[in-house]
Amino acid sequence: MDASSPNPGPLAAVVLCAGKGTRMKSEKAKVLHSLLGRPLCFYPIWRAVELGAAPVVAVLGHQADEVQKVISEAFPDRLIRYAMQPEQRGTGHAVLCAREALRSFEGAVLVLYGDVPLLCRETLERLWEAFRARRPKLAMITSIADQPTGYGRVVTQARDNQPAKVLRVVEEKDASAEERCIDEVNAGIYLADSRFLFEALSQLGGENAQGEVYLTDVVERAAKEGEVVAVRADFEEIAGVNDRSELAARAAVLRMRINTEHMKRGVTIQHPETTFIDDGVEIGPNTVIGPMVSIHAGCEVGADVRIWQGCVLNQSTVGDGSELRPYSVLDETVVGPRCQVGPFARLRPGSVLEEGVHVGNFVETKKTRIRKGAKANHLTYLGDADIGSGVNVGAGTITCNYDGEAKHPTVISDGAFIGSDVTLVAPVTVGEGAYVGAGSTITEDVPPGSLALGRGRQVVKEGWAVKRRARRSRGS
Ligand code: UD1
Ligand code: CA
């Protein structure tokens, strides 16, 4: 232990989110790219918050407004401060830009890169423990990589009976052929004494292949002043995202972590390799999820739910004991308990199914409440509608909610029966317990308890077909 080092004291964090991410070949800043329903930078910021860092400073630059917006939506409690890096002059320069936001802070500063999303909480806790126990100027996470290409290499000096001593980090572009053979890489995760960090950074230049101020050069300075503590982590945890193939590779790992977590909590996932569940989705126990199901951010699924193959859920809630049969698609929809949906149902934004509702194949709903126990089992469109409890909607029923200019409501009151192939021209109300005959076009309100028919009368011409065939066979 270096006795001259100050007490680590409180903990702050700086998360670097300013870069463009040129290798992504994207108009969108790299840290805004989505990883399992969250922007990339959400993950390191969340780790810093979890570890108890306060404040957490996000350094913004490229598309600063958009990045700040997504961060403040994810972390609404004013825990996050923002610092601007107007020009992206390197990772060291980026940290220096956070100095002002940490003006009154003294203690340990955790530095994380916004493009390294898979770090585990326990690994960060190990780093923090090592820092507190040994009080170095700087502690860092390193990893042994099978393919270190693209990462900074950790140059060390072997010592007897001790782990090798960290001397410095060399970026790949600046490394000699020999240094490129080093398989220990820099994770880009550091804990440093705040005074040391900002002093060292303010003295750095950009004399390197990229003309940037490298944060990694602080490592050499710390090694000269004392010992740099290195904590090892699995490469899987520290792997970054620099291009889209790496984004997909990190997503695959995170997806399996999320699926495994749900399975541990009592959810059956029949084919985890093809199941996509975004980060933060809640699923109750004993729910069974079939293959090729996607459950996106903002969804909540109850207990004992059955979600069959190919269903896609966005910002939707599914109540206990409900069943989503194959290939049903739910957007901003609430499905109550013990409902049956699909196969091939499409529930669009604003659909609310109360308890025990059945919505069957090729049924589309939009901004529609279907009350307790009502059924619409086949080939139907219900838009801007309120369907009463116990209603039966026949096959092929359509609410004509749009007149070319505006949308209008349809109300079908409790206990009404709508025959097959009915068109309801909105605005229109069908009263409680009323019947609407099959094939009707309903343009006027139907009083409670009545029968409405709105179709041409059937005409029967006795013997017509027989005569026609006879004519044909005579050739006339
Ligand atoms: C960096 C490290 C490298 C390490 C690797 C781990 C440096 C010089 N190199 O390389 O040793 O192995 O990460 O993933 O630090 N950023 C800014 N402002 C800038 C430049 C970058 O905010 O001026 C942000 C980026 O948005 C990104 C992060 O810093 O989130 C890392 O930058 P990136 O350019 O990806 O660094 P690497 O080349 O991956
Ligand atoms: Ca990177």
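Sketch the reach of a paramagnetic label on residue 25 as a point 7 Å from Cα along Cα-to-Cβ, and name the residues of the stretch 122-154 whose backbone nitrogen lies under 20 Å away.
Output list for this probe position: 150.
For the pair residue 432/residue 362, report the inter-label distance in nm, with labels modelled 7 Å from Cα in the Cβ direction.
3.5
When DSSP beta bridges are limited to those with both residues in the chain, what percentage is antiparallel, rounded to the nearest 5?
20
Classify the stretch 183-230 as rounded, prolate or oblate, taking a ≥ b ≥ c as the square roots of the eigenvalues of its Cα gyration tensor: rounded when a/c is under 1.5, otherwise prolate if a/b is larger than b/c and oblate if not.
Oblate is the answer for the stretch 183-230, as a/c is 1.5 or above yet b/c matches or exceeds a/b.
For residue 270 and residue 104 in one chain, what is 0.36 nm times their gap in residues minus the Cα-Cα distance, to one decimal in nm?
54.5 nm
Work out, step by step, the length gained on full extension between residue 406 and residue 303: first 0.36 nm times the residue separation, then minus their alpha carbon distance; give nm to one decimal.
Result for the pair: 33.1 nm of gain on full extension.
Using helices alone, I'd like the mean residue ellipticity at 222 nm for the chain: each DSSP H run of four-plus residues gives -39500 (n - 2.57), total over residue count, nearest 500.
Details: 10 runs with 98 residues, N = 476.
So the helix-based figure for the chain works out to -6000 deg cm²/dmol.
Could you check the spin-label model distance between residue 181 and residue 74? Points 7 Å from the Cα along Cα→Cβ, value in nm.
The modelled label-to-label distance comes out at 4.1 nm.
Between residue 161 and residue 245, how many nm apart are label points set 7 Å from Cα along the C-beta direction?
4.7
Taking every alpha carbon pair in the stretch 1-155, what does the distance histogram look like in 10 angstrom bins from 0, in percent?
Answer for the stretch 1-155: a P(r) of 10, 39, 37, 13, 1 percent.
Give me the net charge for the shell around residue 66: Cβ to Cβ below 14 angstrom, other residues only, Lys and Arg +1, Asp and Glu -1. Kindly include the intermediate steps, with their values, before the conclusion.
Working: positive: 20, 28, 30, 69; negative: 27, 65, 73.
Around residue 66, the surrounding residues sum to +1.
Take every Cα-Cα pair in the stretch 184-329 and report what % of them are more than 18 Å apart.
Values: 7035 of 10585 pairs.
Roughly 66 percent, once rounded to a whole number.
Take each complete run of DSSP H in the chain, measure how far its Cα atoms stretch along the helix's own axis, and keep only those covering 27 Å or more with mean Kyte-Doolittle hydropathy at least -1.0; list them.
Length and hydropathy pass: 244-264.
Rg and Dmax of the chain, Cα atoms, in Å?
Using the Cα atoms of the chain, the pair Rg, Dmax is 31.7, 118 Å.
What's the local net charge at residue 363, with K and R +1, D and E -1, over the other residues with C-beta under 15 Å away?
Surrounding charge for residue 363 is +3.
Based on a Kirkwood Rh over C-alpha pairs, give the Stokes-Einstein translational diffusion coefficient of the stretch 106-147 at 25 °C and viscosity 0.890 mPa s in µm²/s.
It diffuses with D of about 207 µm²/s by this estimate.
Any idea what Rg and Dmax come out to for the stretch 325-476 if you just take the C-alpha atoms, in Å?
Cα only, the stretch 325-476: 18.8, 66 Å (Rg, Dmax).
FYI, it's all coordinate maths here, none of it is from the lab. This one's a predicted model, so the numbers in the text were calculated from it and none came from an experiment. Backbone-built Cβ (ideal geometry, glycine too); neighbour counts: all protein chains shown.
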